[in-house]
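Worksheet for the structure shown next.
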Amino acid sequence: MDKIRYLRWLCLTALLDSDNTDEPPGTMPLTDELVHYACRHGLAPLLWRRLLKLDPRHPDLRLMTEAVTDDGLPPVSRKPLSSLLRESYLSTLLRNLQIQKTLRELDDALQQTGIPCLVWKGAAISAMVYGGMGLRPMDDIDLLVPEIHWQALIPVLNQIGFSRRPDYPLTWHRGPMVIDLHGDITHSDRIPARRKALALNTGTLLSRAAAFPGYSHLVMPSPFDALLCLAANAMKHGFSKDIWIVDMFLLFDRFPELSSSPRRLAADAGEAGASLPLFLLFKCAESWPRRLNPDPIGELEISRRAAAFSRFVSRAGLRLPNEGELYYLLMMKSPRDLMAYLRDTFFPSRQVMKQLYPGKPMGCYWLYYPNRHMRLAIKLFQGLASMVPGGRQR
């Protein structure tokens, strides 16, 4: 019996009905190992929500009152598992309420400025599909703003109490609250050549953005663009968290137009250059106890080398690399683009090196390049090893 599959079923059915969802693979105890997995993958609040729906006599609830035996669980404690999940839900709720308050302050400060500002990633997904403030963990606020407006945005962020560190000009802090500023969805501030992989720019996203409920100036991506942004962000991080798969299923459930025409979805993804991120996202979802109906994966067109790599990943049991940089290699459209990407990856700018090696003297930052190359080689080896049957799983 697959313990992770059972955990995923519990989390999915916290918000979704049983349509297109496999029957639960029997009943199994929720051990501290599974709760640890749920915490690492952003599923703990959903698991807590699902457990509240169970019959009081359910064996899971009886086991959840036992003491924790794994001291590595966050927070380090020997409280019952039910208390850990409840605290995870409450901490997520508190954090998200703080994020909501900050967004309202930002929305008020942006009035009369004319600065276009699109909220994406967790805050947008949470508002679009979750329906509960404490269900979708978020670390920070991610904003997409065209680069020509960055200078005008500085006094706005200062006005609401945010400041930035010199080494991180796009990351703004106010106590524990963080705003990450982006010029595009590829995080090209570190590796500029990533822009060549996706044709979906910030201007296009803003032109078809949807209203952000409760805000007068802030906007969020359309459902289709939210799906593409989700796939691109998950790919960058090597699909290392299950919560992104939950986001995808909820998007398809809340917006039926996404699944009404798989061919159109595939054509639009191809036009945006996002066929591979979507393809990999859908491949990850195949191991989950829920199905997309109709399944759009067969309509997506990807390159031969990307298809061969994806088949290799599938044969290896979908043990995907932790570093998404491998996928960007497959998305470069020409040898020239590929060389530019390799140059930016192996020889980043002085500003990026200061972020990668904080606290180091950067008088001759090029001296750190050999260490950078060694790190990349190790990550490449770990990523490829994770795809070998019996290798490290995510």
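If you take the residues of segment 273-304 that are assigned to a helix (DSSP H, G or I) and basic (K, R), which of them is surrounded by the fewest Cβ atoms within 10 Å (Cβ to Cβ)?
R304
Scan segment 248-275 residue by residue and report those that are touching a residue at least 60 places away in the same chain (Cβ under 8 Å), closer than 21 Å to L16 by Cα and of a type in the set (D, E, K, R).
Those that are touching a residue at least 60 places away in the same chain (Cβ under 8 Å), closer than 21 Å to L16 by Cα and of a type in the set (D, E, K, R): D253, R254.
Quick one: would you say F249 is in a helix (DSSP H, G or I), hydrophobic (A, V, I, L, M, F, W, C) and surrounded by fewer than 20 Cβ atoms within 10 Å (Cβ to Cβ)?
The answer is no for F249.
Limited to segment 363-379, what total is found for residues that are over 16 Å from L342 (Cα atoms), assigned to a helix (DSSP H, G or I) and small (G, A, S)?
0
Taking the options R254, R208, name whichever one is in contact with a helix residue (DSSP H, G or I) (Cβ under 6 Å, 6 or more places away or on another chain), surrounded by fewer than 16 Cβ atoms within 10 Å (Cβ to Cβ) and modelled with pLDDT of 90 or more.
From the options R254, R208, the qualifying one is R254.
In segment 326-358, what count of residues is obtained for those that are assigned to a helix (DSSP H, G or I) and either over 21 Å from N233 (Cα atoms) or of a type outside the set (D, E) (or both)?
Residues that pass the stated criteria total 23.
What are the residue pairs meeting all of these: first residue in segment 279-294, first residue within 12 Å of F239 (Cβ to Cβ), second residue acidic (D, E), Cβ atoms under 8 Å, and 6 or more apart or on different chains?
Filtered contacts from segment 279-294: F282/D295.
Could you list, in sequence order, all residues of segment 193-205 that are crowded, with 16+ Cβ neighbours inside 10 Å and either more than 27 Å from P223 (Cα to Cα) or touching a residue at least 12 places away in the same chain (Cβ under 8 Å) (or both)?
Residues satisfying the conditions are A193, R194, K196, A197, L198, L200, N201, T202, L205.
So, of the residues in segment 125-156 that are part of a helix (DSSP H, G or I) and out of contact with any Leu (no Cβ under 8 Å at 6 or more places or on another chain), which turns out to be farthest from G175 (Cα to Cα)?
I148
Out of S88, S77, I need the residue that is among the small types (G, A, S) and modelled with pLDDT under 85. Which one?
Going through S88, S77 in turn, just one is among the small types (G, A, S) and modelled with pLDDT under 85: S77.
How many residues does segment 328-341 contain that are without any contact (Cβ under 8 Å) to a residue 40 or more places away in the chain and closer than 24 Å to F279 by Cβ?
Within segment 328-341, residues that are without any contact (Cβ under 8 Å) to a residue 40 or more places away in the chain and closer than 24 Å to F279 by Cβ number 4.
For segment 105-137: of the residues being touching a Phe, Trp or Tyr at 6+ places or on another chain (Cβ under 7 Å) and not small (G, A, S), which is nearest to G161 (Cα to Cα)?
In this case the residue turns out to be D107.
Which of the residues that make up segment 219-246 are over 10 Å from the mean Cα position of the chain (by Cα) and buried (at least 23 other Cβ atoms within 10 Å of the Cβ)?
Those that are over 10 Å from the mean Cα position of the chain (by Cα) and buried (at least 23 other Cβ atoms within 10 Å of the Cβ): M220, P221, D225, A226, L227, L228, V246.
The values are calculated or read from the model by the stated rules, or taken from the named source; none is laboratory data. As the structure is a computational prediction, the values presented were derived from the model and not from experiment. Note that each Cβ is placed from the backbone with ideal geometry, even for glycine, and that neighbours are counted across all protein chains shown.
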